[in-house]
Amino acid sequence: MKIPAISLLAGLLFGAGLTVSGMADPARVRAFLDLFGAWDPTLAFVMAGAMMPMAIAWLIQKRMPKPIACDAFDLPGTSLIDAKLLGGASLFGIGWGIVGLCPGPALADLAIAPFEAGIFVVAMLAGMILHRITTK
């Protein structure tokens, strides 16, 4: 029961951070992406502010023999930049720019604007299912 509790706590903390920082607000995200209009640099500061704790976390992780709540680290390996990565990143960026949401904020927004976020989440899940069906 230790891991689900930690996962729930991490998810709640992440959702709260998205909400407090404004990253769950599609209008603010679109304003951040509008470089030649009414550009709002707020999210650049949020992203830059997230780099320091993450850098510290990576330094701590390198010194740990194993995670606190698991038997081993499960870190992704590195891979070359290929057509699948470029295509996926492009689709993500286009969707983020049009809607102003990405998966994390969309899930957090289910509590704030369930209908609007729900449409995005259903489309996101459909895309995930389509990907799973069409690959391998």
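The values are calculated or read from the model by the stated rules, or taken from the named source; none is laboratory data. Because the structure is a prediction, the values reported are computed rather than measured. So basically every Cβ, Gly included, is an ideal-geometry build from the backbone, and we count neighbours across all protein chains shown.
Brief remarks follow.
- Residue within the stretch 100-113 that is assigned to a helix (DSSP H, G or I) and over 21 Å from Phe14 (Cβ atoms) present: no
- Any hit, the stretch 57-71, residues being within 19 Å of the chain's Cα centre (by Cα) and either more than 28 Å from Leu130 (Cβ to Cβ) or not basic (Lys, Arg) (or both): yes
Let's see how each residue does on (1) crowded, with 16+ Cβ neighbours inside 10 Å; (2) closer than 21 Å to Glu116 by Cβ; (3) touching an Asp or Glu at 6+ places or on another chain (Cβ under 7 Å); (4) of a type outside the set (Ser, Thr, Tyr):
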| site | (1), (2), (3), (4) |
| --- | --- |
| Leu13 | no, no, no, yes |
| Val29 | yes, yes, no, yes |
| Asp34 | no, yes, no, yes |
| Gly37 | no, no, no, yes |
| Pro41 | no, no, no, yes |
| Met52 | no, no, no, yes |
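- Positions within the stretch 1-26 being over 30 Å from Ala69 (Cβ atoms) and either at pLDDT 85 or above or outside any helix (DSSP H, G or I) (or both), in sequence order: Gly22, Asp25
- Any hit, the stretch 69-79, residues being surrounded by 11 or more Cβ atoms within 10 Å (Cβ to Cβ) and among the hydroxyl-bearing types (Ser, Thr, Tyr): no
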